[in-house]
Amino acid sequence: MKKPYLIAMTLFMAIGLSSCSDDEGLNFTVQPDPEGLNFTSNVSAQYILTDGTGENLAERFVWNEVDLGVPTDITYEVQGSSAADFADMLSPLASTMETNAGITVNQLLQLATAAGLDNDPDTTITDADGIESANNSGMVYIRLRAFAGNGNANTVEQFSEVQALNVFLPENVGEEEVVILPQLFLVGDATAVGYNNNTNNPAFVRNPDNEMEFSYTGKFLADGTGFKFLEMRGQWQPQWGLQDGVAAVNDGSGEDPQPVTVPLEGYYTVTLNKEEPVITLEAFDVTGAATYTSIAIIGTARTEGGFDAPDTDMTQSDFDPHIWQIQEVELLDGELKFRANDAWDANWGAATALSGFGTMGGANIPVTAGTYEIWFNDLTGGYIFIPITE
């Protein structure tokens, strides 16, 4: 009677041993992800680095998740160097299992120092031709490393391509004279302000590549006489409009031009090129355009908390929900972006200071310390920073 029992036990042990043997034989092929490891976030055209903003977030870098073929967590490092070949790599700037990491101004300053850069106006560099120049701007470099396990010598790892960062350290030379660039403002009963020349007249966006060209996209009324353009609030001249259908200006020595009109109430883009001069008017399709609850500015130029600090909300126009503005805001040397609803799902930026057209997820906007009036258009990403001087 014991034989069936012994046979069953023998079979059970054989199966168990076979299972253990199979488990021990499981192999994972550890290899780099064929899709590569890549930065998915944009970098700014230039990073302004100052000692006073050292704790601020300079940039939050984002990258794709990689699959190294092993059932274990992947560690990511953001590595920095003063050389493109990473011959003098510093300690990792960040180490995380997430697919993003924030890097501070101080960390970029360390890279800049290693690259021989400083903000001392008395120090210079000499090139191969013997020409001296300031050594307060240059390039530093970052890259990503992904690895599984503890990162020892036998660990399979993967690197991203090297990303160059343009850094600038403002020299300590005292206060600089503020450059006053031309501005343009709306007035007229087709606009939100009517014919009041000294109220919160909406500002045009100045073309960052041509300071003589301005554009405005927004809502216009068809009833009434239309609208004109003023170069200064509180003054009726210089005043731009049409004369016999052609762009004309009264600089204070002649007669005021006629207003521009729209055929139907709606959204239009109006452009004035003062140099040619020419005024163009084109209908703008807002079908499907998002209407946001809030839009704010955020970044190292706003507060010492930088991009991790709370947003500074802008005021939405009661007349046109796509126009936003903020008055007399004090900014630091640094960078800004516009974002909607206190989140990064919708954010705009560009590499041009004072005016430009931000793109969704674009570069950080460089800012010089001062007090500003800021206008933003969420239809076009257009923005204008107007310095307020005493």
**Prompt:** Taking the stated definitions as given, is residue 201 surrounded by 15 or more Cβ atoms within 10 Å (Cβ to Cβ) and either without any contact (Cβ under 8 Å) to a residue 24 or more places away in the chain or not in a strand (DSSP E or B) (or both)?
**Reply:** yes
When every residue in the range 208-222 that is in a loop (DSSP other than H, G, I, E, B) and more than 14 Å from residue 195 (Cα to Cα) is compared, the one most open to solvent (accessible area, probe 1.4 Å) is 209
Out of (1) assigned to a strand (DSSP E or B); (2) open to solvent by less than 10 Å² (accessible area, probe 1.4 Å), the one residue 375 does not meet is (2)
(message) Whether any residue in the range 342-351 is open to solvent by less than 30 Å² (accessible area, probe 1.4 Å) and among the aromatic types (Phe, Trp, Tyr) is what I want to check.
(response) yes
Of the residues in the range 245-277, those that are open to solvent by 50 Å² or more (accessible area, probe 1.4 Å), of a type in the set (A, V, I, L, M) and part of a strand (DSSP E or B) come to 246, 249
Considering the range 341-372, residues that are under 19 Å from residue 211 (Cα atoms) and among the polar types (S, T, N, Q), and then whichever is nearest to the chain's Cα centre (by Cα), we arrive at 352
(1) at pLDDT below 95; (2) open to solvent by 30 Å² or more (accessible area, probe 1.4 Å); (3) in contact with an Asp or Glu (Cβ under 8 Å, 6 or more places away or on another chain) all hold for residue 300 apart from (2)
When every residue in the range 55-78 that is among the hydroxyl-bearing types (Ser, Thr, Tyr) and open to solvent by less than 50 Å² (accessible area, probe 1.4 Å) is compared, the one farthest from residue 302 (Cα to Cα) is 75
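Here are some residues: 378, 342, 333. Which one is of a type in the set (Asp, Glu) and on the phi > 0 side of the Ramachandran plot?
Details: 378 fails: on the phi > 0 side of the Ramachandran plot; 333 fails: on the phi > 0 side of the Ramachandran plot.
Going through 378, 342, 333 in turn, the sole match is 342.
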For the range 308-335 the number of residues that are small (Gly, Ala, Ser) and crowded, with 22+ Cβ neighbours inside 10 Å is 1
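Can you confirm whether the range 115-137 contains a residue that is under 28 Å from residue 344 (Cβ atoms) and not aromatic (Phe, Trp, Tyr)?
No - not one qualifying residue is present in the range 115-137.
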Expected output for the range 350-368 (first residue assigned to a strand (DSSP E or B), partner of a type in the set (Lys, Arg) and open to solvent by 50 Å² or more (accessible area, probe 1.4 Å), Cβ below 9 Å, 6+ apart or cross-chain) is 367/302
Exactly one of 201, 196, 250, 210 is polar (S, T, N, Q) and in contact with a Leu (Cβ under 7 Å, 6 or more places away or on another chain), and that one is 201
Test result for residue 338, assigned to a helix (DSSP H, G or I), surrounded by 20 or more Cβ atoms within 10 Å (Cβ to Cβ) and not polar (S, T, N, Q)
no
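The values are calculated or read from the model by the stated rules, or taken from the named source; none is laboratory data. In this text, all values refer to a predicted model and were calculated from it rather than measured experimentally. In this analysis, Cβ positions are derived from the backbone assuming ideal geometry, glycine residues included, and neighbour counts consider all displayed protein chains. Keep in mind that these areas ignore ligands, DNA and RNA; they rest on the heavy atoms of the full protein, side chains included. Shrake-Rupley method; radii C 1.70, N 1.55, O 1.52, S 1.80 Å.
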